[in-house]
Amino acid sequence: MADEFASASESNFFDLSGVLDSASAGLVLRMLAQRDPDTYAHSERVSRLAIKIGEELHLDTDDLETLRLGALLHDIGKISVNLGILNKPSKLESHEFKEVQNHTLLGFEFLQHLPGLEQYAVIARSHHERFDGAGYPDGLQGEAIPILARVIAVADSLDVMLNGRVYQKRRTPREIIDEVSKNMNTHFDPQVVNAVMNVWQSGALPLIEAESEQTD
Ligand SMILES: [Fe+2]
Ligand SMILES: [Fe+2]
């Protein structure tokens, strides 16, 4: 009888884990939006791009949700990087460049210690790894890089090229797509690049519309 009561009581508890995850993520993203609106806006665009690529790769629903939120949180470590460096209009000194690169490890540490957000920590850590192993912070290569981080790496670069940065001018959709395909196997996972090509050709890549061929 006591056992029955115990199991019935336990089953009546609401499972709040999903609610708490969303609340933590919402709070963290609000902090990012207030401190660094440009990085927040970038993260929203990266999330939209990443979802389209993830759908083309036939990721399952759980992975797509992790990808959506992981993309929103991928640059969260920038919350701890000096804004003067993040917004510096000229070329960064090498120590400044190192501080910017450190946003991967800062984001990892930050998310790893937030209950419910631990699964996004590895995305924050690995989104600047390169398929050929020449990325940072760990120099991971190929499929050793988590797939969601490989998707976000491409979506991240697409957005930076599309919208420009203080140090980099905007590029046209055709230049962007050529650049992504040129970096297949070096910077980017070829299966992710192929997915980008498919989505772009169908005209469904958010923010980047396929251009009709110029005849003149
Ligand atoms: Fe980043
Ligand atoms: Fe980014």
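Once fully extended, how much extra length lies between Lys169 and Asn198, figured as 0.36 nm per residue of separation less the alpha-carbon to alpha-carbon distance? Numbers along the way, then the final one.
On the way: separation 29, 0.36 × 29 = 10.44 nm, distance 2.57 nm.
My answer for the length gained is 7.9 nm.
What does the C-alpha gyration tensor say about the overall shape of the range 23-201? Classify as rounded when a/c is under 1.5, otherwise prolate if a/b is larger than b/c, or oblate. Mind dumping the intermediate values first?
Values: a/c = 1.43, a/b = 1.13, b/c = 1.27.
Rounded, since a/c falls under 1.5.
Find the relative contact order for the range 27-115 and round it to a whole percent, using C-alpha pairs within less than 8 Å whose residues are 6+ positions apart. Write out the running numbers ahead of the final one.
Numbers: 68 pairs, mean separation 24.8, N = 89.
Over the range 27-115, the number comes to 28 percent.
HN-Hα J couplings of the range 191-206 from phi, Karplus 6.51/-1.76/1.60, θ = phi - 60°, integer Hz, Gly and Pro as x?
5, 6, 4, 4, 5, 4, 4, 4, 5, 5, 4, 7, x, 9, 7, x
Applying the Karplus parametrisation 6.51 cos²θ - 1.76 cosθ + 1.60 with θ = phi - 60° to the phi angles of the range 42-52, what ³J(HN,Hα) value in whole Hz is obtained for each residue in order, glycine and proline being reported as x?
The phi angles translate into 4, 5, 5, 5, 4, 4, 5, 5, 4, 4, 4 Hz.
For the pair Ala144 and Gln34, how long in nm is the line joining their label points, each one 7 Å along Cα→Cβ?
It is 4.0 nm.
Taking 7 Å along the Cα-to-C-beta vector as the label spot, tell me the Ser181-Gln101 distance in nanometres, rounded to one decimal.
3.1 nm
Lys and Arg at +1, Asp and Glu at -1: add these up for the other residues within a Cβ distance under 12 Å of Gly142 and post the number. Mind showing how you got there, number by number?
Numbers: positive: Arg130, Arg150; negative: Glu129, Asp132, Glu143, Asp189.
Cβ neighbours under 12 Å give a net charge of -2.
Expressed as cubic angstrom per residue, what is the convex hull volume of the alpha carbon set of the range 83-186? Intermediate results must be reported in sequence, preceding the final value.
Numbers: hull volume 12.0 nm³, N = 104.
Residue-normalised Cα hull volume stands at 116 Å³.
For the pair Asn87 and Leu207, how long in nm is the line joining their label points, each one 7 Å along Cα→Cβ?
Using points 7 Å along Cα→Cβ, the separation is 2.0 nm.
Every number in this text was worked out from the coordinates using simple rules, so none of it is lab data. Everything numeric here is computed off the predicted structure, so don't read it as measured data. Glycine gets a Cβ as well: all are built from the backbone with ideal geometry, and neighbour counts include every protein chain shown.
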